[in-house]
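J.: Below you'll find the structure I mean.
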Amino acid sequence: RELAQFLEGENAKARVQQTVHSLTDSCWDKCISKVNNKLERGEEACLANCVERFLDTSVFIVKRLESLRGSGGM
Amino acid sequence: RELAQFLEGENAKARVQQTVHSLTDSCWDKCISKVNNKLERGEEACLANCVERFLDTSVFIVKRLESLRGSGGM
Amino acid sequence: RELAQFLEGENAKARVQQTVHSLTDSCWDKCISKVNNKLERGEEACLANCVERFLDTSVFIVKRLESLRGSGGM
Amino acid sequence: KVRGELALANAQELINKINEKCYDKCVPKPGARLESGEQACLSKCMDRYMEAWNVVSRAYVGRIQRESANQYGGGM
Amino acid sequence: KVRGELALANAQELINKINEKCYDKCVPKPGARLESGEQACLSKCMDRYMEAWNVVSRAYVGRIQRESANQYGGGM
Amino acid sequence: KVRGELALANAQELINKINEKCYDKCVPKPGARLESGEQACLSKCMDRYMEAWNVVSRAYVGRIQRESANQYGGGM
């Protein structure tokens, strides 16, 4: 049972890491055009905002789908 | 046996839906540049043609491969 | 035991073919802009170099990661 | 239960695609919050994507049906 | 049988890639039918893609062989 | 052992992504060897990609934590 819990935790960790890989992939394309000697302040802010807005978008879509479904729009 | 048939049918449905997702993905890029208040007539025709021509292309490639193989060209 | 060896060999072959598919995909985009009546000399050289440099890049990254890890840089 | 899982997987995949495509189109420069203009764009984009999905689905299923009907008639 | 499945999977993947790459290149604006110019483009594109696959395959397998030979000789 | 495999898979995926992204950016026209300018670009690109990975990871994990904390407080 502790093993099951341990494995469940490791699974969750793997899913988080997979999401981080996929977000880094797409936010890199959105925020980094030229490779500089360090990550510029604006690039760093863009990366963090890119993650937050992507998740906001996800929440927005799911909520809107639910409201459309509720109003019989779908 | 009826269960097997049912599952087979569900599998086929899942494959069809997966193809629809992947076709929508690529035809969206080909046919929709700007997001408008409704799907324009031209965009809708483009989407339907995009599906048909993609499948034509698939048939074309397979037939040509077979004819190349038959003529010893491959 | 011979079966296991045979299957292992087939697995290795499948991995090689998968890598060839993925390299052809990305090197095609890098080296072929217009489809001509034959593969131009420059295109063919570009494709072969594309494979070699991609693998060099892979070796370069792994070695650098190891040296960063060794020097406590990571 | 299998049927429910299939519908769920389908909805999940649709949400993922909309998220990817519409985020790219509507939020090119992510800022400190989702602006109202970005939200309006997301709503429109989402509606258009679902319509596109329906058009593609009809075209694809229609083609499959025509081809299976043709198997018993003329050539393809 | 395993060998046959492998060859089949390989051919299937090649067809999928050709379909994707050449459809993109040769049919940028899908119309009511595959025009003859589009078909000519598809034929050429298909031939070039298969040649490219062969060049890439030779380069990759050659590199693997050189590197395994080097393991028993000098450095990499 | 599971933990080690997870770390390994994570490192492997990071290497694959760096390889793909930085090869694209730094070696647009592959020549007969990796030029020193290309190598310098690869080093920088690799450092930036790992930093970006860390920024994204912090932002994502931070968001998850804030949202799970909010579940027991106000709305989302």
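J.: Binning every alpha carbon pair distance of the protein assembly as shown at 20 Å from zero, what are the percents per bin?
T.: Going from the shortest bin to the longest, the percentages are 18, 53, 28, 1.
J.: Dipole of the protein assembly as shown (Lys/Arg Cβ +1, Asp/Glu Cβ -1, origin at the Cα centre): which of E:Ala52, D:Ser68, D:Ala7 lies farthest to the positive side?
T.: It is E:Ala52, whose Cα lies furthest towards the positive end.
J.: Now, a different point. Just checking the output field for A:55-67: average partner chain Cβ neighbours within 10 Å of each residue's Cβ?
T.: Taking all residues of A:55-67 together, the mean is 6.
J.: Report ³J(HN,Hα) in whole Hz for each residue of the stretch C:38-55, in order, from the Karplus equation J = 6.51 cos²θ - 1.76 cosθ + 1.60 where θ = phi - 60°; Gly and Pro get x.
T.: 8, 6, 5, 3, x, 5, 5, 5, 4, 4, 5, 4, 4, 5, 4, 5, 4, 5
J.: Partner chain Cβ atoms within 10 Å, averaged over the residues of C:26-36 - can you pull that number for me?
T.: That average works out to 5.
J.: Order these by the 10 Å Cβ neighbour count, fewest first: E:Ile15, C:Ile32.
T.: Numbers: E:Ile15 15, C:Ile32 21.
Ascending Cβ contact count within 10 Å gives the list E:Ile15, C:Ile32.
J.: Also, I was wondering about something else. Test of understanding: ordering B:Phe6, C:Phe60 by Cβ neighbours within 10 Å, fewest first, what list do you get? Don't jump to the answer; show the numbers that get you there.
T.: Working: B:Phe6 12, C:Phe60 20.
Taking fewest neighbouring Cβ atoms as first place, the list is B:Phe6, C:Phe60.
J.: Along Cα→Cβ at 7 Å, what distances in nm separate the D:Glu35 label point from those on the other copies, shortest first?
T.: Nearest to farthest, the other copies are at 3.9, 3.9 nm.
J.: Okay, moving on. Using 28 Å as the Cα-Cα cut-off, could you pick out the over-long pairs in D:Lys25/F:Lys17; B:Lys13/C:Lys30; B:Lys30/D:Lys29; E:Lys21/F:Lys17; A:Lys13/D:Lys25?
T.: B:Lys13/C:Lys30; A:Lys13/D:Lys25
J.: Answer with one residue from A:Gly70, A:Asn36, A:Gln17: the one whose Cα lies farthest towards the positive end of the charge dipole of the stretch A:2-70, charges on Cβ with Lys, Arg +1 and Asp, Glu -1.
T.: Value: A:Gly70.
J.: For the pair F:Gln65/E:Glu67, report the inter-label distance in nm, with labels modelled 7 Å from Cα in the Cβ direction.
T.: Those two pseudo-labels are separated by 3.9 nm.
J.: Expressed as an acute angle from 0 to 90° and rounded to the nearest 10, what is the orientation of the C-alpha long axis of helix D:36-70 relative to the principal long axis of chain D?
T.: The angle comes out at about 10 degrees.
J.: Which residue in chain C puts its Cβ closest to the axis that rotates chain C onto chain B, and at what distance in whole Å?
T.: C:Asp29, 9
J.: Nothing charged except the Cβ atoms of Lys and Arg (+1) and of Asp and Glu (-1): what's the magnitude of the dipole of the stretch D:2-70 about its Cα centre? Round to the nearest 20 debye.
T.: Dipole about the Cα centre, nearest 20: 160 debye.
J.: Let's test the formula: R0 of 22 Å, r as the Cβ-Cβ distance of D:Ala40 and A:Ser58. What FRET efficiency results, to the nearest 0.05?
T.: In this case the efficiency is close to 0.80.
J.: Let me ask something else about it. Taking the Cα centre as origin and putting +1 on Lys and Arg beta-carbons and -1 on Asp and Glu beta-carbons, what dipole magnitude results for chain A, to the nearest 20 debye?
T.: 200 debye
J.: Amide H to amide H under 5 Å from C:Glu40: which residues, 5+ apart in sequence or cross-chain, H placed 1.01 Å off N in plane?
T.: Close amide H contacts, sequence-distant or interchain: none at all.
J.: Considering just Cα atoms, how many Å³ per residue does the convex hull of chain F enclose?
T.: With only Cα atoms used, chain F gives 113 Å³ per residue.
J.: Let me ask something else about it. Distances longer than 16 Å among the Cα atoms of chain C: what percent of all pairs is that?
T.: 66 percent
Quick note: the coordinates plus some simple rules give every number you see, no bench work behind them. Bear in mind that the values here come from a model prediction, so they are computed numbers and not experimental data. Using ideal geometry, Cβ is built from the backbone for each residue, glycine included, and neighbour counts are taken over all protein chains shown.
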